[in-house]
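This report concerns only the one structure given below.
Here, each number is a calculation from the coordinates, and none is a lab measurement. Computed from a predicted model, the values in this text were never measured in an experiment. We place every Cβ from the backbone using ideal geometry, glycine too, and count neighbours over all the protein chains shown.
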Amino acid sequence: MCRNMLMKEYRICMPLTVEEYRIGQLYMISKHSHEQSDRGEGVEVVQNEPYEDPNYGNGQLTEKRVYLNSKLPSWARAVVPKIFYVTEKAWNYYPYTITEYTCSFLPKFSIHIETKYEDNKGINDNIFDNEAKDLDREVCFIDIACDEIPERYYKESEDPKYFKSEKTGRGLLKEGWRDTQDPIMCSYKLVSVKFEVWGLQTRVEQFVHKVVRDILLIGHRQAFAWVDEWYDMTMDEVREFERATQEATNKKIGIVPPAISISNVSLPASIRSAPSSAPSTPLSTDAPEFLVVPKDRLRKKSAPETLTLPDLDKTPL
């Protein structure tokens, strides 16, 4: 009999406010997805519409498919269908989000993520008590400046130790920066990984958590490193950026975007807003000029892949 799922609570601090991070996260998701989508692979948005929950109120329900086949190691490509994708469903109730990942090819596999955002340095030990007070979980701090990332993902321009924002003056984060940084916010993520296959459960769940941790580290580093690109944007402007980049992404991977309804529910100014976990489908046809990445830009290492699965042929579990 398989045991319970493996649960960890990740805390990722950022030299931003929760309100700023809402814009930055939406921008980062859109830009990163566009850069990494190509040759029939990338992110397809299939649903994005208002949703009302009796407990959390008005929010946004999104569903997208992340096509990954070429990112799999060679041994996995030999046994999985050619058209392989992971389904992400997200329910966003600012400042609380729920995200679930499933794979039709692996019905016993799932990832469940609950996220809350607060303007502090990760000191709230009871933030998930209502959801997980009876469940054992390991608390893991992720330091965007000092934690190591896989070498193939490293880019000096996205290293918070060497990056300083011209618009905010923040950056050059050194050891212990979380104790002195102002402003500072924390993204609390309760991540549960389940793989109910006898004999493989522990090994696979531990491996998936390592992948999730790397993705969280890389994504949050990018959100800060690109701060001068998005810092002056309004919510309307970042939504327009989402629409334009998703249209460009759909063209790159050869997917016709579906009709999508975007919520226009007004939120009280006093409510801190968390980012949507999935970009909305665009309405325009061309990507803005500032989206285009120069072909001759020097790169120290290759950029990370969206929801990349590390090569199991080279990565020990």
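All C-alpha pair distances within the range 103-228, sorted into 10 Å bins from zero, spread as 10, 36, 33, 17, 4, 0 percent across the bins. If R0 equals 22 Å, the separation of the Cβ atoms of D119 and K167 corresponds to a calculated FRET efficiency of about 0.65. Remark: the E156-Q47 segment gains 35.7 nm on full extension, using 0.36 nm per residue and subtracting the alpha carbon distance. Counting charges near Y101 (Lys, Arg +1; Asp, Glu -1) among other residues having Cβ under 10 Å from its Cβ returns a value of -1. Net charge in the neighbourhood of E9 (other residues with Cβ under 9 Å of its Cβ; Lys, Arg +1, Asp, Glu -1) is +3.
Centroid-to-centroid, using Cα positions, the range 150-187 and the range 42-64 are 31 Å apart. Rounded to the nearest Hz, the phi-derived 3J(HN,Hα) couplings of the range 44-60 under the Karplus curve 6.51 cos²θ - 1.76 cosθ + 1.60 (θ = phi - 60°) are 10, 8, 10, 7, 7, 8, x, 8, 10, 10, x, 9, 9, x, 6, x, 10, where x marks glycine and proline.
Would you please give the FRET efficiency between M235 and W198, computed as 1/(1 + (r/R0)^6) with r the Cβ-Cβ distance and R0 = 45 Å, to the nearest 0.05? Don't jump to the answer; show the numbers that get you there.
Numbers: r = 48 Å, r/R0 = 1.06.
My answer for the efficiency is 0.40.
With R₀ fixed at 30 Å, the C-beta to C-beta distance from T180 to E138 puts the FRET efficiency at about 0.65. Taking 7 Å steps out from each Cα toward its Cβ at V211 and N55 produces label points 2.8 nm apart.
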